[in-house]
Amino acid sequence: MAPLLLQLAVLGAALAAAALVLISIVAFTTATKMPALHRHEEEKFFLNAKGQKETLPSIWDSPTKQLSVVVPSYNEEKRLPVMMDEALSYLEKRQKRDPAFTYEVIVVDDGSKDQTSKVAFKYCQKYGSDKVRVITLVKNRGKGGAIRMGIFSSRGEKILMADADGATKFPDVEKLEKGLNDLQPWPRWGFAMLPRLVSNAWSQVMCPLRPPKVLGLQNQMAIACGSRAHLEKESIAQRSYFRTLLMYGFHFLVWFLCVKGIRDTQCGFKLFTREAASRTFSSLHVERWAFDVELLYIAQFFKIPIAEIAVNWTEIEGSKLVPFWSWLQMGKDLLFIRLRYLTGAWRLEQTRKMN
């Protein structure tokens with residue numbers, strides 16, 4: 001009996017090893033290159049409040065706002081107004097309290113088939129295109145791809161990604177800001193900053209009256225992630241055993257394969273310093289459901305400090321996640337993310353600029 005059990009164990013181990021090798025080969029051979037940081041011609045502009053085209057700025061420019069809010073939206077004509085009303089009400093009140101506070105909200109319509117862009121543009125007309133801008137993508141890129149397009153068009157020293165459903169209470173951005181500040185001193189880019197330092201110095205020699213570019217927040221890296229982990233016990237009580245099992249399985253895979261120390265990687269409420277946003281999103285391969293995990297994997301690879309902050313969150317009807325199939329897809333993505341980095345199919349590169 002014992003020899004038989006040993007033989008079965010050896011056979012099982014051999015089959016598992018063969019399966020892992022096969023999956024690794026599949027992951028390597030099917031790995032797509034890093035998505036091109038390219039805009040279609042129509043995506044290089046936004047419409048101002050008068051309906052006139054203006055060129056979008058670049059994250060490589062010096063920041064001119066304190067806070068940029070990027071809202072990825074796909075078929076969100078019904079849920080978007082609630083989120084926008086709450087966000088803009090908060091931001092306007094904050095600006096009245098502190099006139100030095102400046103902000104912008106960038107709604108990225110990810111190839112919607114409904115009236116998402118038109119709904120968002122009404123806020124541009126109401127508040128002005130300096131505060132609200134709408135980017136309409138030619139085709140659907142996925143949530144990660146949409147957020148990246150918004151981030152690469154932002155003007156903020158800090159950049160917040162926020163879901164269009166308004167599930168997270170927007171004033172909780174102050175909790176993320178405190179979490180970000182508590183991470184100081186933030187790491188700088190090191191040698192990557194040298195060209196900019198030289199450029200600034202040369203600009204001052206050639207144009208002494210031009211104010212120097214401030215090497216402040218935008219040259220330091222940190223991330224604050226909103227988290228629903230503190231609500232886990234309550235959510236378990238409302239979920240079926242099957243969905244609870246899927247949730248724990250997903251959390252285990254995230255921890256085992258990609259990201260350590262972050263209990264909730266999927267909350268769509270994350271705050272970045274400008275440099276952290278450009279560094280991580282420039283290296284991103286995954287543009288759909290599992291992009292958050294790869295984003296944090298990249299951040300940990302570059303040793304960018306990350307704070308996980310509890311936020312108020314309410315489940316909103318209309319989720320585009322199909323529980324079983326979406327989680328199965330994300331599980332596959334997690335495994336492939338890890339294997340593709342391990343096998344060298346994907347490599348982290350220097351930050352690239354978008355054309």
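The values are calculated or read from the model by the stated rules, or taken from the named source; none is laboratory data. Remember, predicted model here, so these are calculated numbers, not experimental data. Every residue, glycine as well, gets a Cβ built from its backbone with ideal geometry; the counts of neighbours run over all protein chains shown. Heads up: the accessible areas ignore ligands, DNA and RNA and are worked out on the full protein's heavy atoms, side chains in. Shrake-Rupley method; radii C 1.70, N 1.55, O 1.52, S 1.80 Å.
Here are a few things to note about the model shown:
- The length gained on full extension between HIS251 and LYS139, counted as 0.36 nm times the residue separation minus their Cα-Cα distance, comes to 37.2 nm.
- Relative contact order computed over the range 46-146 (Cα-Cα under 8 Å; 6+ residues apart), in percent: 36
- Per residue, the accessible area of the range 50-188 comes to 42 Å², computed with a 1.4 Å probe over protein heavy atoms only.
- Annotation for LYS96 and PHE301: the two label points, set 7 Å from Cα along the Cα-Cβ direction, are 4.6 nm apart.
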